[in-house]
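Encoded as structure tokens, the structure appears first; notes follow it.
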Amino acid sequence: MTANLTVLARRWPWGIVLAAAAACTLQSSYFAWKVDDAFITFSYAQNWVAGHGVVFNVGERVEGYTCFLWVALSALGLLAGADILRWSLTLSIIGAVATVGAAWQLARELLPARSCNAAGLTALLVGLYPPLAWWAGSGMETTLFTCLVTLALFLHIRAGAESVAAPVCLALASMTRPEAWLLAGLACVDAVSIGPGRRAGRYAGIFLGIFGPYYFWRLLYYDALLPNTFYAKVGSSGTQVMRGLSYLWSFVVDGGGWYFFLGAGFSLAPSVARRARLAYVFLVAYTVYVVSIGGDFLPGFRFFLPIVPTLAALFTAALVGWTERLLRTRKAALAVVRGAAVAGVLCTYGPLVASQEDSLRLFNNIWKMQVSTCRQINEETGADDAVAAVGVGILKFCTGRRVIDMAGLTDVHIAHQQSPRMGSGLPGHEKYDSEYVLAQRPKFIVIPRPGTYEGIPLAPLADMWGQPLLQEHYVPDPIGYRRIDPWEG
């Protein structure tokens, strides 16, 4: 009997981690929604598999994505004949579950050996965190990126410049999203500072050996230092920074950020901070980066999700360290830690789930409308016809027509336009050139008509509505505007 209890005591952390992973999987399957941005990635993969290159519109080399590794994995699924929705959902759930495991290992690394069982609480905090499941259900690269960032931090903190796996993870993360370039640079600098020099050189060499050829290829292929989406979304106005601060505040108040940041602050105790210095520097630098680019407009705090596992690990380390110091007994300390974790989950996670329920209904309705729009486009256009829209992903993937992105994510010309009110509108939807779009004579312009749009005013829509050519050459249609043929003049 005693032997059985001993075995159970040793294995219970695994049980908690598996329970957290199972809960995350169930939530992710429930919150399986379709976001238009994911279909931009799928469209690139679709053209790649068809032999047209890594492009959105055939013949136009524009890097309208920020997730090359996710494009490659999507192409692999299409090449194997998989249903892209199921394939991407499966990969995203795997990324979410792996994130739970990586967060658990990171917490174990930060905790003293005598208290490492408390790391299971980190797994619970991450596995039950609603935005992780939300983005796992989206089919986007978010959970893969979150997993790679968390894993890279764990491996670096454990082995420093000696690590071989850490720079590999950093390279893969940097090929998934450009935000990881920041972490990779900080990790290489940290490797040099802790030495020895030969090991630090190997560390940087492994990263550059994987990431370097990829970056050189994309530089030659797209002829741009940064993805086109960066030019379309980011400006340098103070208004954009204020919008980013508002996004941060929303994460703190509504997304549980107060809970995690508070714990991370308390974990600045020397016993934790010395080992986690790279994590702290990255957390500060990454938060400043998100604020400076103006945040995001999609629900679920996508841009802050990659740092939540690290914040949760620091939160656990802080609670364990301070409660052991104040209460003097490990048993009482762990009881306090568990109580604090439960309280945080109840106070924070419930409202998040309720909010995601509302968002799920909204996006499911949008999906139905987009499917209907695609059906009409396929029936009433030919292969040589172009279509203009603001939401271009699903439209492109389901029709294969040339799609003009009115917001510029997949259009170099619009992405490099100057917006006098950059930062005051919806992120990623502030640049436009309606005359340029109309000059290409799209068969349909898939936008709502004035008075029917009840969301945040979008600059591309407002400008298009005021164009004389729109009134002269287009008539209202259930999906937007239809061109009057023949077009003369």
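The values are calculated or read from the model by the stated rules, or taken from the named source; none is laboratory data. On a predicted model such as this, the values are computed, not experimentally measured, just so you know. For neighbour counting, all protein chains shown are included, and Cβ atoms are generated from backbone atoms with ideal geometry for every residue, glycine included.
A few notes on this one:
- Residue in the range 81-138 that is modelled with the lowest pLDDT, counting only those that are aromatic (Phe, Trp, Tyr) and either over 16 Å from the mean Cα position of the chain (by Cα) or outside the structural domain of residue 313 (by TED's automatic domain parsing) (or both): 104
- Exclusive hit being without any contact (Cβ under 8 Å) to a residue 60 or more places away in the chain and in the same structural domain as residue 313 (by TED's automatic domain parsing), set 162, 141, 179: 162
- Yes/no for residue 122 being within 26 Å of residue 70 (Cα to Cα), part of a helix (DSSP H, G or I) and touching a residue at least 12 places away in the same chain (Cβ under 8 Å): no
- The conditions of being assigned to a helix (DSSP H, G or I) and either at pLDDT 85 or above or in contact with a Leu (Cβ under 8 Å, 6 or more places away or on another chain) (or both) are not met by residue 335.
- When residues of the range 371-383 are limited to those that are at pLDDT 90 or above and either at positive phi or not in a helix (DSSP H, G or I) (or both), the one surrounded by the fewest Cβ atoms within 10 Å (Cβ to Cβ): 382
- Looking only at the range 284-310, and only at residues there that are under 18 Å from residue 430 (Cβ atoms) and assigned to a helix (DSSP H, G or I), the one that is nearest to the chain's Cα centre (by Cα): 290
- Pairing residues of the range 15-36 that are within 15 Å of residue 121 (Cα to Cα) with residues that are of a type in the set (Phe, Trp, Tyr) and buried (at least 20 other Cβ atoms within 10 Å of the Cβ), at Cβ distances under 9 Å and at least 6 apart in sequence or on separate chains, gives 16/104; 17/104; 20/104; 24/129.
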